[in-house]
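Following: one structure in structure tokens, then a few remarks.
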Amino acid sequence: MWRGLCVVCCCFVLISCGEEAAEVSAPPGPTPLPAFEELPVQEAPPALLEMLDGRAVESAAQWASERRPEVIRILEHYAYGEAPASEGIAAEVVAEYDDFLNGLGVLRLVRLRYGPDLAGEAEVLVALPKARSGPVPVFLGLNFFGNQATTTDPRVPLTARWVPGRIVGVEGNRALEASRGAVAERWPYEEVLRRGFGLVTVYHGDFDPDRDEDSDGVQALYRAPGAARGPHEWGTVAAWAWGLSRVVDYLVTDPDVDGARIAVVGHSRNGKAALLASALDERIALVISNMSGCMGAAIHRRRQGETIAAINLFFPHWFALELRRFDELEERLPFDQHFLIALSAPRPVLIASGADDGWADPEGEFEGARGASVVYALLGSEGLGAERWPEVNALVETRLGYHVRPGGHGIGPEDWAVFLRFAERHLR
Ligand code: GTR
């Protein structure tokens, strides 16, 4: 039962029309991005409100029309890689149960097709509160091991994809029945549904398995057969962010979901992808990035915890090849991570840290938020309500918000309690 959704867009037509129009009126093109060798040494994080050509960014209109697109180009070119425009998706509800969590919720299993010829496939788990008087706001997050690992409900199919072997119930990189509910403490469906939100998740490996392998994932669908990975080609984190946007493509058509209140949430590597998705996709109403660290919210120039050299070494598939040129050369970066956060302005953003999560540099994550605050101010919105790294458990509840909890790297009910509080304040 295909749900009447097959959004095949005509982006290419529109883009080529735009280019023809540009030839006639000949407005100045965007400033070319400097080659790596030409990039100046900048010991301090680069200024957000200064264009590459040196002009100051002085108005909300200039941010939207000039600087925001420029910041996106910078981040794609040097760091995350360039993701293609989507051809559209198709979505099919493959199963629906109205007795999820003993009748508290509805469990909807949706198959999504994406990419060229709709050759890519993702399994989306949509959990909604049964007691609802209209479309509900939802949290959407990628998971690490397949949807079955997020809940003990036996009706959620095991992922058939390659999965990392870091949890129980995975053998030879295949998920077995024993993996069901293995990370359920990360996904408090019951509490989220009780609070009137839906919770939507998809395995990030449905868009790109988390391994250094060029032949799989959505990128391979777009690459010419036999072609090598280009220097600015999108890495796995960008593929995951792109995947989140494909789920949003579906969610905005689901009559039970309030498409204007979609909050994206992500932990760690998925927190990097959540920030990038929100940066690029303004339909995302709120973003929560938990312990996203290096290439997430943390400022590189502090050189604390994970560095660019380390992340490129351990995860060579996550980013554009170009990023490797900055190994041990943080001072040459023409951006820092406040750029990524600022692209979500003026939408609500919560940066969350763990006090003992040194590898993610919690104070650096706070500094990332602090650096993004100037854009909120420029847009006449509420920036970060703290100048100094706050005490643990003292939620900075401004529209650009920050929280640090005691303890190390992880996500669980206590983190979700903060996320729910933040979303109830800023998404209602
Ligand atoms: C670490 C990695 C971090 C973070 C984390 C995670 O090994 O160095 O950047 O992403 O994994 O995703 O749990």
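The values are calculated or read from the model by the stated rules, or taken from the named source; none is laboratory data. Fair warning: this is a prediction, and the values are worked out from it, not measured in the lab. A quick note on method: Cβ atoms are made from the backbone with ideal geometry, for glycine too, and the neighbour counts reach across all protein chains shown. When the accessible area is computed, the model is the full protein with side chains, heavy atoms only, and any ligands, DNA or RNA have been set aside. Shrake-Rupley method; radii C 1.70, N 1.55, O 1.52, S 1.80 Å.
Per-structure values
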item: Hey, Ala297 open to solvent by less than 10 Å² (accessible area, probe 1.4 Å), within 16 Å of the ligand (Cβ to nearest atom) and in a helix (DSSP H, G or I) or not; result: no
item: The one condition in (1) more than 25 Å from Glu58 (Cα to Cα); (2) open to solvent by 10 Å² or more (accessible area, probe 1.4 Å); (3) in contact with a Phe, Trp or Tyr (Cβ under 6 Å, 6 or more places away or on another chain) that Gly383 fails to fulfil; result: (1)
item: Evaluation of Arg166 against (1) surrounded by fewer than 20 Cβ atoms within 10 Å (Cβ to Cβ); (2) at pLDDT 95 or above; (3) of a type outside the set (A, V, I, L, M) (one fails), failing number; result: (2)
item: Members of the range 282-294 found to be open to solvent by less than 10 Å² (accessible area, probe 1.4 Å) and either farther than 22 Å from Pro46 by Cβ or away from the ligand (no atom under 13 Å from the Cβ) (or both), listed by number; result: Ile284, Leu286, Val287, Ile288, Asn290, Met291
item: The listed residue being surrounded by fewer than 21 Cβ atoms within 10 Å (Cβ to Cβ), free of Cβ contacts under 8 Å to residues at least 60 places away in the same chain and within 30 Å of Leu427 (Cα to Cα), out of Glu92, Glu96, Glu171, Glu87; result: Glu96
item: Check on Ile311, surrounded by 18 or more Cβ atoms within 10 Å (Cβ to Cβ), at pLDDT 95 or above, within 12 Å of the ligand (Cβ to nearest atom) and of a type in the set (A, V, I, L, M); result: yes
item: Cβ-Cβ under 8 Å pairs, at least 6 apart or on other chains, the range 380-393 side of a type in the set (A, V, I, L, M, F, W, C), far side open to solvent by 80 Å² or more (accessible area, probe 1.4 Å); result: Leu384/Arg370; Ala386/Arg370
item: Yes/no for Ala239 being away from the ligand (no atom under 16 Å from the Cβ) and either over 18 Å from Ala423 (Cβ atoms) or open to solvent by 50 Å² or more (accessible area, probe 1.4 Å) (or both); result: no
item: Looking only at the range 108-125, and only at residues there that are aliphatic (A, V, I, L, M) and in contact with a helix residue (DSSP H, G or I) (Cβ under 9 Å, 6 or more places away or on another chain), the one that is most open to solvent (accessible area, probe 1.4 Å); result: Ala119
item: Among (1) closer than 14 Å to Leu350 by Cα; (2) more than 13 Å from the chain's Cα centre (by Cα), the one test that His267 misses; result: (2)
item: Which listed residue, of Arg302, Arg269, is among the basic types (Lys, Arg), within 16 Å of the ligand (Cβ to nearest atom) and crowded, with 19+ Cβ neighbours inside 10 Å; result: Arg269
item: Members of the range 348-394 found to be within 16 Å of the ligand (Cβ to nearest atom) and either among the charged types (D, E, K, R) or part of a helix (DSSP H, G or I) (or both), listed by number; result: Asp356, Asp357, Gly358, Trp359, Ala360, Asp361, Pro362, Gly364, Glu365, Gly368
item: Count - residues of the range 396-428 that are farther than 13 Å from Ser289 by Cα and in a strand (DSSP E or B); result: 2
item: Contacts under 6 angstrom Cβ, first residue in the range 293-321 being at positive phi, partner within 12 Å of the ligand (Cβ to nearest atom) and part of a loop (DSSP other than H, G, I, E, B), 6 or more apart; result: Gly293/Glu306; Gly305/Asp361
item: Residue within the range 330-346 that is part of a strand (DSSP E or B) and within 15 Å of the ligand (Cβ to nearest atom) present; result: no
item: Condition met for Asp258 (open to solvent by less than 10 Å² (accessible area, probe 1.4 Å), farther than 14 Å from Ala360 by Cβ and either more than 11 Å from the ligand (Cβ to nearest atom) or not in a helix (DSSP H, G or I) (or both)); result: no
item: All strands (runs of 3 or more DSSP E) inside the range 55-149 with 1 or more residues being among the aromatic types (Phe, Trp, Tyr) and modelled with pLDDT of 95 or more; result: 90-100, 105-114, 136-143
item: Any chance Gly165 is part of a loop (DSSP other than H, G, I, E, B) and over 17 Å from Ala119 (Cα atoms); result: yes
item: Which listed residue is under 29 Å from Leu313 (Cα atoms), out of contact with any Pro (no Cβ under 7 Å at 6 or more places or on another chain) and at pLDDT 95 or above, from Pro362, Pro390; result: Pro362
item: Counted residues, the range 244-255 - those being part of a helix (DSSP H, G or I) and more than 16 Å from the ligand (Cβ to nearest atom); result: 7
item: Criterion: open to solvent by 20 Å² or more (accessible area, probe 1.4 Å), at negative phi, more than 16 Å from the ligand (Cβ to nearest atom) and out of contact with any Ser or Thr (no Cβ under 6 Å at 6 or more places or on another chain) - qualifying residue of Leu104, Leu128; result: Leu104
